[in-house]
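> First the structure, which I've put down as structure tokens, then a few questions once you've had a look.
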Amino acid sequence: MKDLFRNLFSIRQQRRPAPVGPLPAVGTFIIRGPVKMAITCPVPPELWDWLVLSGWRNLPVKNDRRKGLLAPQGALKELIDADPQERNLAHDRLLEQARPED
């Protein structure tokens, strides 16, 4: 019922971004809005700082049932290999290539 009133009167409040967590472990996922990216190799601290500033956060739950978009295989490796000046372009390209999860 509360949900109906919030929608009807447009009084929804934006959630704050999740707090910044530690460096993600290999084999986990990070999330930015509806896009998930697999952590396939160790993330350098400098890249993690950049990802956090770009809106990426650790996935807050172990078994995430939300359906969203999945970044392409090798997305993290492409960001690691990208020149820091070209990283924004590589990031935008990866977000455009994200496809729905199976």
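The values are calculated or read from the model by the stated rules, or taken from the named source; none is laboratory data. Every value quoted in this text rests on a predicted model; they were computed, and no experiment measured them. Every residue, glycine among them, receives a Cβ derived from its backbone with ideal geometry; neighbour counts consider all protein chains shown.
> Take E78 and tell me if it is of a type in the set (D, E), over 20 Å from L95 (Cβ atoms) and at pLDDT 90 or above.
So E78 fails the test.
> Just to be sure I understand, how many residues within the stretch 7-58 are among the aliphatic types (A, V, I, L, M) and within 26 Å of D102 (Cα to Cα)?
Adding up the residues that qualify gives 11.
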